[in-house]
Amino acid sequence: MTIKKTLLGLFLFVATVSTAQEKEIIPFTYDIKTIQYKGLTPIINALKDNTIVALGEGTHGTKEFNDIRIELIKDLVTNHNFRIIAFENAYGDTYMINQVINSTGDLQKTMKENLVSVWQTKEIENLFSWIRSYNKKTKDKVTLTGVDTNFLNNATSVLLNEKDLVRNKTYYESCLKLSEGAKAIDYNWANSNTPNFEPDYNNLIKVGTEAYQLTKEMTTKYSDKLSTTAKIALYNLELGFRMFYEISQQNETYTRDFMMAETAIKTQSLLNQKMIIIAHNGHIGLTQSLIDPMGEYIKKQYGTQFYTLGTFTANGTYSAMTDNIDVKVSKYSTYELPKVLDNSLEQQMEQYPEKNYFVDFRSTSSSVFDSPKKMNWIGYKKMTEEEQTKYMTIPNVKLRDHFDGFIFMNTTRASEHIN
(Lines give C-alpha, C1' and ligand atoms only; values in the text may rest on other atoms or scores of the structure.)
Protein backbone atom coordinates (compact mmCIF):
# COMPACT_ATOMS: atom_id res chain seq x y z
CA MET A 1 0.00 0.00 0.00
CA THR A 2 2.84 2.36 0.86
CA ILE A 3 4.49 1.67 -2.52
CA LYS A 4 1.18 2.33 -4.32
CA LYS A 5 0.73 5.61 -2.46
CA THR A 6 4.28 6.64 -3.26
CA LEU A 7 3.86 5.84 -6.97
CA LEU A 8 0.50 7.61 -7.04
CA GLY A 9 1.99 10.66 -5.35
CA LEU A 10 4.88 10.68 -7.83
CA PHE A 11 2.47 10.38 -10.77
CA LEU A 12 0.34 13.25 -9.46
CA PHE A 13 3.45 15.42 -8.97
CA VAL A 14 4.65 14.78 -12.52
CA ALA A 15 1.16 15.39 -13.91
CA THR A 16 0.88 18.66 -11.98
CA VAL A 17 4.24 19.91 -13.26
CA SER A 18 3.34 18.84 -16.80
CA THR A 19 0.00 20.64 -16.64
CA ALA A 20 1.65 23.77 -15.26
CA GLN A 21 4.20 23.61 -18.05
CA GLU A 22 1.49 23.25 -20.69
CA LYS A 23 -0.33 26.29 -19.35
CA GLU A 24 2.60 28.64 -18.92
CA ILE A 25 4.99 27.72 -21.74
CA ILE A 26 3.48 29.37 -24.81
CA PRO A 27 5.33 28.38 -28.00
CA PHE A 28 5.87 30.52 -31.08
CA THR A 29 7.58 29.77 -34.38
CA TYR A 30 10.47 31.43 -36.15
CA ASP A 31 11.47 30.96 -39.77
CA ILE A 32 15.22 31.51 -39.90
CA LYS A 33 15.23 32.05 -43.68
CA THR A 34 12.49 34.67 -43.89
CA ILE A 35 12.98 36.09 -40.36
CA GLN A 36 9.25 35.70 -39.78
CA TYR A 37 7.62 34.99 -36.44
CA LYS A 38 4.21 33.44 -35.83
CA GLY A 39 2.35 33.09 -32.55
CA LEU A 40 3.46 36.35 -30.92
CA THR A 41 -0.08 37.47 -30.00
CA PRO A 42 0.14 36.22 -26.37
CA ILE A 43 3.30 38.31 -25.91
CA ILE A 44 1.63 41.39 -27.40
CA ASN A 45 -1.40 40.87 -25.15
CA ALA A 46 0.85 40.84 -22.10
CA LEU A 47 2.58 44.07 -23.16
CA LYS A 48 -0.01 46.22 -24.90
CA ASP A 49 -1.82 47.82 -21.94
CA ASN A 50 1.28 48.99 -20.06
CA THR A 51 2.64 52.54 -20.04
CA ILE A 52 6.29 51.46 -20.27
CA VAL A 53 7.49 48.16 -21.71
CA ALA A 54 11.16 47.16 -21.40
CA LEU A 55 12.42 44.62 -23.94
CA GLY A 56 15.65 43.02 -22.80
CA GLU A 57 18.41 40.97 -24.35
CA GLY A 58 20.32 38.11 -22.76
CA THR A 59 23.42 39.04 -24.75
CA HIS A 60 24.43 42.33 -26.30
CA GLY A 61 25.00 40.66 -29.67
CA THR A 62 22.18 38.31 -30.68
CA LYS A 63 20.40 38.74 -34.01
CA GLU A 64 17.21 36.96 -32.98
CA PHE A 65 16.83 39.13 -29.86
CA ASN A 66 16.91 42.20 -32.10
CA ASP A 67 14.60 40.69 -34.72
CA ILE A 68 11.88 39.52 -32.35
CA ARG A 69 11.88 42.81 -30.48
CA ILE A 70 11.47 44.64 -33.78
CA GLU A 71 8.42 42.48 -34.56
CA LEU A 72 6.95 43.30 -31.15
CA ILE A 73 7.71 47.01 -31.62
CA LYS A 74 5.97 47.11 -34.99
CA ASP A 75 2.80 45.64 -33.49
CA LEU A 76 2.89 47.81 -30.35
CA VAL A 77 3.35 50.95 -32.44
CA THR A 78 0.88 50.10 -35.20
CA ASN A 79 -1.91 48.65 -33.07
CA HIS A 80 -1.44 49.83 -29.49
CA ASN A 81 -0.31 53.46 -29.62
CA PHE A 82 3.26 53.13 -28.35
CA ARG A 83 5.07 56.22 -29.62
CA ILE A 84 8.42 56.40 -27.79
CA ILE A 85 11.27 53.98 -28.46
CA ALA A 86 14.14 54.52 -26.02
CA PHE A 87 17.55 52.90 -26.46
CA GLU A 88 20.38 52.19 -24.04
CA ASN A 89 22.22 55.01 -25.81
CA ALA A 90 23.02 58.66 -25.07
CA TYR A 91 20.01 60.97 -25.14
CA GLY A 92 21.59 63.68 -27.30
CA ASP A 93 23.09 61.20 -29.75
CA THR A 94 19.79 59.39 -30.21
CA TYR A 95 18.06 62.74 -30.74
CA MET A 96 20.36 63.23 -33.75
CA ILE A 97 19.34 59.85 -35.17
CA ASN A 98 15.68 60.75 -34.68
CA GLN A 99 16.25 63.90 -36.73
CA VAL A 100 17.77 61.90 -39.59
CA ILE A 101 15.01 59.27 -39.44
CA ASN A 102 12.53 62.05 -40.11
CA SER A 103 14.52 63.27 -43.12
CA THR A 104 16.20 61.72 -46.14
CA GLY A 105 19.63 61.60 -44.47
CA ASP A 106 22.03 58.65 -44.49
CA LEU A 107 20.94 56.25 -41.74
CA GLN A 108 24.12 54.16 -41.66
CA LYS A 109 26.31 57.25 -41.40
CA THR A 110 24.33 58.72 -38.52
CA MET A 111 24.21 55.33 -36.77
CA LYS A 112 28.01 55.15 -36.81
CA GLU A 113 28.29 58.70 -35.53
CA ASN A 114 25.66 58.50 -32.82
CA LEU A 115 25.25 54.92 -31.60
CA VAL A 116 27.60 52.95 -29.40
CA SER A 117 28.84 50.10 -31.53
CA VAL A 118 26.71 47.36 -29.96
CA TRP A 119 23.68 48.88 -31.75
CA GLN A 120 25.40 49.38 -35.10
CA THR A 121 23.75 46.34 -36.67
CA LYS A 122 21.69 45.62 -39.76
CA GLU A 123 18.78 44.60 -37.55
CA ILE A 124 18.68 48.02 -35.87
CA GLU A 125 19.08 49.73 -39.23
CA ASN A 126 15.99 47.78 -40.37
CA LEU A 127 14.09 49.11 -37.36
CA PHE A 128 15.11 52.70 -38.09
CA SER A 129 14.10 52.29 -41.74
CA TRP A 130 10.72 50.99 -40.63
CA ILE A 131 10.23 53.96 -38.27
CA ARG A 132 11.13 56.32 -41.12
CA SER A 133 8.54 54.68 -43.35
CA TYR A 134 5.90 54.66 -40.61
CA ASN A 135 6.45 58.30 -39.70
CA LYS A 136 6.02 59.38 -43.32
CA LYS A 137 2.50 57.97 -43.27
CA THR A 138 1.20 59.53 -40.05
CA LYS A 139 1.11 62.75 -38.06
CA ASP A 140 1.27 60.76 -34.82
CA LYS A 141 4.96 59.99 -35.23
CA VAL A 142 7.23 57.64 -33.32
CA THR A 143 9.99 59.38 -31.35
CA LEU A 144 13.35 57.63 -31.09
CA THR A 145 15.20 58.64 -27.95
CA GLY A 146 17.98 57.54 -25.60
CA VAL A 147 18.24 57.13 -21.83
CA ASP A 148 22.01 57.00 -21.32
CA THR A 149 24.49 59.72 -20.31
CA ASN A 150 27.77 58.30 -21.60
CA PHE A 151 28.07 60.95 -24.34
CA LEU A 152 26.80 64.44 -23.52
CA ASN A 153 27.71 67.05 -26.14
CA ASN A 154 24.83 66.40 -28.52
CA ALA A 155 22.43 67.13 -25.66
CA THR A 156 23.92 70.63 -25.48
CA SER A 157 23.18 70.96 -29.21
CA VAL A 158 19.50 70.42 -28.39
CA LEU A 159 19.66 73.41 -26.03
CA LEU A 160 21.33 75.53 -28.70
CA ASN A 161 18.44 74.72 -31.06
CA GLU A 162 16.07 76.77 -28.87
CA LYS A 163 15.79 79.66 -31.36
CA ASP A 164 14.14 82.17 -29.05
CA LEU A 165 16.38 81.54 -26.06
CA VAL A 166 19.71 81.56 -27.90
CA ARG A 167 19.15 85.28 -28.50
CA ASN A 168 19.56 85.64 -24.73
CA LYS A 169 23.30 86.20 -24.22
CA THR A 170 23.41 84.60 -20.77
CA TYR A 171 21.56 81.49 -21.96
CA TYR A 172 23.75 81.19 -25.05
CA GLU A 173 26.98 81.52 -23.09
CA SER A 174 25.76 79.00 -20.53
CA CYS A 175 25.10 76.51 -23.34
CA LEU A 176 28.61 77.03 -24.66
CA LYS A 177 30.06 76.37 -21.19
CA LEU A 178 28.05 73.14 -20.97
CA SER A 179 29.32 72.16 -24.40
CA GLU A 180 32.94 72.72 -23.35
CA GLY A 181 32.45 70.48 -20.32
CA ALA A 182 30.60 67.86 -22.35
CA LYS A 183 33.32 67.75 -25.01
CA ALA A 184 35.99 67.16 -22.35
CA ILE A 185 34.02 64.29 -20.84
CA ASP A 186 33.07 62.81 -24.23
CA TYR A 187 36.71 62.89 -25.36
CA ASN A 188 37.79 60.86 -22.35
CA TRP A 189 34.97 58.37 -22.78
CA ALA A 190 35.65 57.95 -26.50
CA ASN A 191 39.31 57.19 -25.78
CA SER A 192 38.61 54.69 -22.98
CA ASN A 193 40.07 51.79 -24.98
CA THR A 194 43.08 53.69 -26.39
CA PRO A 195 46.34 52.08 -25.18
CA ASN A 196 48.28 54.21 -22.66
CA PHE A 197 45.50 56.82 -22.48
CA GLU A 198 45.24 58.17 -18.94
CA PRO A 199 42.26 60.41 -18.09
CA ASP A 200 42.82 63.43 -15.85
CA TYR A 201 40.26 62.46 -13.24
CA ASN A 202 40.76 65.54 -11.08
CA ASN A 203 40.02 67.79 -14.04
CA LEU A 204 37.00 65.70 -15.06
CA ILE A 205 35.56 66.00 -11.56
CA LYS A 206 36.15 69.77 -11.60
CA VAL A 207 34.63 70.21 -15.07
CA GLY A 208 31.70 67.90 -14.35
CA THR A 209 30.89 69.50 -11.00
CA GLU A 210 30.92 73.03 -12.43
CA ALA A 211 28.70 71.96 -15.34
CA TYR A 212 26.33 70.19 -12.94
CA GLN A 213 25.87 73.38 -10.92
CA LEU A 214 25.27 75.31 -14.15
CA THR A 215 22.54 72.90 -15.31
CA LYS A 216 20.71 73.44 -12.02
CA GLU A 217 20.92 77.21 -12.43
CA MET A 218 19.66 76.96 -16.01
CA THR A 219 16.73 74.79 -14.91
CA THR A 220 15.69 77.46 -12.40
CA LYS A 221 16.02 80.28 -14.92
CA TYR A 222 14.73 78.76 -18.14
CA SER A 223 12.71 75.60 -17.48
CA ASP A 224 9.36 77.23 -18.21
CA LYS A 225 10.71 78.64 -21.50
CA LEU A 226 12.25 75.44 -22.88
CA SER A 227 10.60 73.10 -25.36
CA THR A 228 9.80 69.60 -24.11
CA THR A 229 12.79 68.13 -25.96
CA ALA A 230 15.14 70.72 -24.47
CA LYS A 231 13.77 70.14 -20.96
CA ILE A 232 14.66 66.45 -21.28
CA ALA A 233 18.08 67.33 -22.72
CA LEU A 234 18.86 69.68 -19.84
CA TYR A 235 17.78 67.09 -17.28
CA ASN A 236 19.86 64.42 -19.02
CA LEU A 237 22.87 66.76 -18.88
CA GLU A 238 22.25 67.46 -15.21
CA LEU A 239 22.23 63.72 -14.49
CA GLY A 240 25.38 63.09 -16.55
CA PHE A 241 27.42 65.93 -15.08
CA ARG A 242 26.17 65.14 -11.58
CA MET A 243 28.00 61.80 -11.72
CA PHE A 244 31.32 63.64 -11.37
CA TYR A 245 30.06 65.65 -8.43
CA GLU A 246 28.89 62.46 -6.72
CA ILE A 247 32.29 60.86 -7.35
CA SER A 248 33.89 63.80 -5.55
CA GLN A 249 31.52 63.11 -2.64
CA GLN A 250 32.37 59.39 -2.75
CA ASN A 251 28.68 58.59 -3.21
CA GLU A 252 28.57 55.07 -4.69
CA THR A 253 24.76 54.92 -4.68
CA TYR A 254 24.51 57.33 -7.63
CA THR A 255 24.72 54.98 -10.60
CA ARG A 256 24.36 54.82 -14.36
CA ASP A 257 21.14 52.80 -14.02
CA PHE A 258 19.62 55.45 -11.77
CA MET A 259 20.44 58.08 -14.41
CA MET A 260 18.95 55.97 -17.21
CA ALA A 261 15.78 55.38 -15.20
CA GLU A 262 15.42 59.08 -14.42
CA THR A 263 15.85 60.02 -18.10
CA ALA A 264 13.26 57.42 -19.13
CA ILE A 265 10.76 58.62 -16.53
CA LYS A 266 11.25 62.27 -17.45
CA THR A 267 10.87 61.50 -21.16
CA GLN A 268 7.69 59.46 -20.75
CA SER A 269 6.06 61.92 -18.37
CA LEU A 270 6.81 65.01 -20.49
CA LEU A 271 5.92 63.45 -23.85
CA ASN A 272 2.96 61.66 -22.21
CA GLN A 273 3.13 58.72 -24.61
CA LYS A 274 3.52 54.96 -24.14
CA MET A 275 7.18 53.94 -24.19
CA ILE A 276 9.30 50.96 -25.23
CA ILE A 277 12.81 50.63 -23.76
CA ILE A 278 15.51 48.57 -25.50
CA ALA A 279 18.35 47.52 -23.18
CA HIS A 280 20.24 44.54 -21.78
CA ASN A 281 18.43 42.14 -19.43
CA GLY A 282 20.71 43.34 -16.65
CA HIS A 283 19.40 46.91 -16.92
CA ILE A 284 15.67 46.18 -17.19
CA GLY A 285 15.44 43.83 -14.20
CA LEU A 286 13.14 44.49 -11.27
CA THR A 287 15.60 43.70 -8.51
CA GLN A 288 19.33 43.75 -7.87
CA SER A 289 21.48 41.31 -9.80
CA LEU A 290 25.05 42.31 -10.63
CA ILE A 291 23.80 45.92 -10.47
CA ASP A 292 20.87 47.90 -9.09
CA PRO A 293 18.97 47.94 -12.39
CA MET A 294 17.13 50.74 -14.15
CA GLY A 295 13.98 48.59 -14.09
CA GLU A 296 13.90 48.62 -10.30
CA TYR A 297 13.66 52.44 -10.23
CA ILE A 298 11.06 52.57 -13.00
CA LYS A 299 8.95 49.96 -11.21
CA LYS A 300 8.79 52.15 -8.11
CA GLN A 301 7.33 54.97 -10.21
CA TYR A 302 4.97 53.02 -12.50
CA GLY A 303 4.07 49.87 -10.57
CA THR A 304 2.01 47.45 -12.65
CA GLN A 305 2.07 49.87 -15.60
CA PHE A 306 5.67 48.81 -16.19
CA TYR A 307 6.30 45.43 -17.84
CA THR A 308 9.80 44.03 -18.19
CA LEU A 309 10.44 41.19 -20.67
CA GLY A 310 13.73 39.29 -20.60
CA THR A 311 15.12 37.22 -23.48
CA PHE A 312 17.28 34.12 -23.12
CA THR A 313 19.12 31.61 -25.28
CA ALA A 314 21.27 28.54 -24.73
CA ASN A 315 23.00 27.60 -27.98
CA GLY A 316 24.55 29.15 -31.07
CA THR A 317 26.68 32.23 -31.58
CA TYR A 318 26.78 35.88 -30.50
CA SER A 319 28.82 38.95 -31.37
CA ALA A 320 31.23 40.54 -28.92
CA MET A 321 34.42 42.57 -28.79
CA THR A 322 37.67 42.52 -26.84
CA ASP A 323 37.55 46.19 -25.75
CA ASN A 324 36.57 46.99 -22.16
CA ILE A 325 34.21 49.87 -23.01
CA ASP A 326 31.59 50.03 -25.74
CA VAL A 327 32.17 53.29 -27.58
CA LYS A 328 31.22 54.35 -31.11
CA VAL A 329 34.17 52.66 -32.79
CA SER A 330 34.62 49.05 -31.72
CA LYS A 331 35.20 45.86 -33.68
CA TYR A 332 32.76 43.00 -33.14
CA SER A 333 33.43 39.35 -34.03
CA THR A 334 31.34 36.19 -33.86
CA TYR A 335 31.88 33.70 -31.03
CA GLU A 336 30.24 30.54 -29.72
CA LEU A 337 27.92 31.17 -26.79
CA PRO A 338 29.39 30.24 -23.40
CA LYS A 339 28.68 26.72 -22.22
CA VAL A 340 25.36 26.37 -20.39
CA LEU A 341 26.07 25.98 -16.68
CA ASP A 342 24.79 23.13 -14.54
CA ASN A 343 21.80 24.04 -12.36
CA SER A 344 21.21 27.21 -14.35
CA LEU A 345 18.04 28.78 -15.68
CA GLU A 346 19.33 28.34 -19.22
CA GLN A 347 19.78 24.62 -18.61
CA GLN A 348 16.20 24.36 -17.34
CA MET A 349 14.84 26.42 -20.25
CA GLU A 350 16.38 24.21 -22.93
CA GLN A 351 15.04 20.93 -21.49
CA TYR A 352 11.50 21.45 -22.81
CA PRO A 353 10.46 20.21 -26.28
CA GLU A 354 9.38 23.72 -27.32
CA LYS A 355 12.40 25.47 -28.85
CA ASN A 356 10.94 29.00 -28.86
CA TYR A 357 8.47 30.04 -26.18
CA PHE A 358 7.11 32.77 -23.93
CA VAL A 359 6.34 32.68 -20.20
CA ASP A 360 4.21 35.37 -18.52
CA PHE A 361 4.70 35.39 -14.75
CA ARG A 362 1.86 37.86 -14.27
CA SER A 363 -0.66 35.27 -15.45
CA THR A 364 0.42 32.57 -13.01
CA SER A 365 0.99 32.64 -9.26
CA SER A 366 3.43 29.71 -9.41
CA SER A 367 5.76 28.53 -12.12
CA VAL A 368 8.07 25.67 -13.00
CA PHE A 369 10.73 28.42 -13.16
CA ASP A 370 10.26 29.54 -9.56
CA SER A 371 13.07 27.40 -8.15
CA PRO A 372 16.18 29.59 -7.66
CA LYS A 373 18.98 28.79 -10.10
CA LYS A 374 22.08 30.37 -11.63
CA MET A 375 21.59 33.08 -14.26
CA ASN A 376 24.28 34.05 -16.76
CA TRP A 377 24.60 37.59 -18.14
CA ILE A 378 26.51 37.99 -21.41
CA GLY A 379 27.59 41.53 -22.24
CA TYR A 380 29.48 43.08 -25.14
CA LYS A 381 32.95 41.92 -24.03
CA LYS A 382 34.34 38.51 -24.91
CA MET A 383 35.36 36.71 -21.74
CA THR A 384 37.05 33.44 -20.97
CA GLU A 385 34.86 30.71 -19.49
CA GLU A 386 36.45 31.36 -16.11
CA GLU A 387 35.83 35.12 -16.31
CA GLN A 388 32.25 34.60 -17.49
CA THR A 389 31.48 32.33 -14.53
CA LYS A 390 33.27 34.53 -12.02
CA TYR A 391 32.02 37.97 -13.04
CA MET A 392 28.75 37.46 -14.94
CA THR A 393 26.99 34.56 -13.19
CA ILE A 394 24.41 35.26 -10.49
CA PRO A 395 23.59 32.41 -8.07
CA ASN A 396 20.14 31.55 -6.70
CA VAL A 397 17.98 33.68 -8.99
CA LYS A 398 14.20 33.41 -8.83
CA LEU A 399 13.34 34.58 -12.33
CA ARG A 400 9.95 36.16 -11.59
CA ASP A 401 11.67 38.51 -9.12
CA HIS A 402 13.60 39.98 -12.06
CA PHE A 403 11.10 39.93 -14.94
CA ASP A 404 7.35 40.01 -15.54
CA GLY A 405 7.90 37.51 -18.35
CA PHE A 406 10.58 36.10 -20.61
CA ILE A 407 11.18 34.78 -24.11
CA PHE A 408 13.43 31.76 -24.69
CA MET A 409 14.94 30.89 -28.06
CA ASN A 410 16.99 27.70 -27.89
CA THR A 411 19.41 28.47 -30.72
CA THR A 412 20.40 31.96 -31.86
CA ARG A 413 22.99 33.71 -34.04
CA ALA A 414 25.35 36.66 -33.78
CA SER A 415 24.10 40.11 -34.71
CA GLU A 416 24.99 41.34 -38.19
CA HIS A 417 27.15 44.42 -37.62
CA ILE A 418 27.43 47.21 -40.17
CA ASN A 419 30.92 47.28 -41.69
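The values are calculated or read from the model by the stated rules, or taken from the named source; none is laboratory data. Note that this is a predicted model, so its numbers are computed, not measured. Every residue, glycine among them, receives a Cβ derived from its backbone with ideal geometry; neighbour counts consider all protein chains shown. For accessibility, only protein heavy atoms count, side chains too; no ligands or nucleic acids. Shrake-Rupley method; radii C 1.70, N 1.55, O 1.52, S 1.80 Å.
Things worth noting here:
- Relative packing of peptides 220-226, 114-120, 44-50 - highest average C-beta neighbours within 10 Å first: 114-120, 44-50, 220-226
- Against the compact-protein benchmark of 2.2 N^0.38 Å, the Cα-based radius of gyration of the range 193-334 scales to 1.24.
- All Cα pairs of the range 113-188, percent lying beyond 22 Å: 46 percent
- Seen against the Cα atoms of the chain and their longest principal axis, helix 256-271 is set at about 80 degrees.
- Once the Kirkwood radius over Cα pairs is known for the range 94-230, the Stokes-Einstein relation at 37 °C and 0.692 mPa s delivers a diffusion coefficient of 194 µm²/s.
- Computed on the Cα atoms alone, the convex hull of the range 376-419 gives a volume of 127 cubic angstrom per residue.
- For the Cα trace of the range 48-122, dividing Rg by the Kirkwood Rh returns an Rg/Rh value of 0.96.
- Put a plus charge on the Cβ of each Lys and Arg, a minus charge on the Cβ of each Asp and Glu, and nothing anywhere else: the dipole of the chain about its Cα centre is then about 1020 debye.
- Normalised per residue, the accessible area of the chain is 47 Å², obtained with a 1.4 Å probe and no contribution from ligands, DNA or RNA.
- Label-to-label distance, nm, for residues given as Thr170 and Gln213 (7 Å Cα→Cβ offset): 1.7 nm
- Cα long-axis angle, helix 122-136 against the chain (0 to 90 degrees, to the nearest 10): 70 degrees
- Judged by the mean number of other Cβ atoms found within 10 Å, the most tightly packed of the peptides 52-61, 239-248, 384-393 leads the ranking 52-61, 239-248, 384-393.
- Rounded to whole Å, the principal axis extents of the Cα atoms in the range 241-294 read 36, 26, 14, largest first.
- Among Arg167, Arg362, Arg83, the largest mean-square fluctuation in a Gaussian network model of the chain, built with springs joining Cα atoms closer than 10 Å, belongs to Arg167.
- For the range 42-87, Kirkwood radius (reciprocal of mean inverse C-alpha pair distance, Å): 11.2 Å
- For the range 156-201, the equivalent ellipsoid derived from the Cα gyration tensor has semi-axes of 30, 10, 4 Å, listed largest first.
- The range 275-413: radius of gyration over Cα atoms, expressed as a fraction of 2.2 N^0.38 Å: 1.06
- Among Tyr307, Tyr297, Tyr171: highest mean-square fluctuation, GNM of the chain, C-alpha pairs under 10 Å: Tyr171
- Placing R0 at 56 angstrom, the Cβ-Cβ distance between Phe197 and Thr78 gives a FRET efficiency of 0.75 after rounding to 0.05.
- Comparing Thr94, Thr253, Thr51 in a Gaussian network model of the chain (Cα springs below 10 Å), the most mobile by mean-square fluctuation is Thr253.
- From the Kirkwood radius over Cα pairs of the range 28-176, Stokes-Einstein at 25 °C and 0.890 mPa s returns a whole-number translational diffusion coefficient of 145 µm²/s.
- Burial order of peptide ranges 349-358, 259-268 (average beta-carbon count within 10 Å, highest first): 259-268, 349-358
- When each of Lys355/Lys381; Lys122/Lys355; Lys122/Lys328 is checked by Cα-Cα distance, pairs over 20 Å: Lys355/Lys381; Lys122/Lys355
- Phi-based couplings in Hz for the range 190-206 (Karplus 6.51, -1.76, 1.60; Gly and Pro marked x): 5, 9, 4, 9, 6, x, 6, 7, 10, x, 8, 5, 4, 5, 4, 5, 5
- Surface/4 estimate of mean projected area, convex hull on alpha-carbon atoms of the range 197-254, nm²: 4.8 nm²
- Partner lysines for Lys266 [C-alpha distance under 18 Å; skip if fewer than 8 residues away on the same chain]: Lys216, Lys225, Lys231, Lys274, Lys299, Lys300
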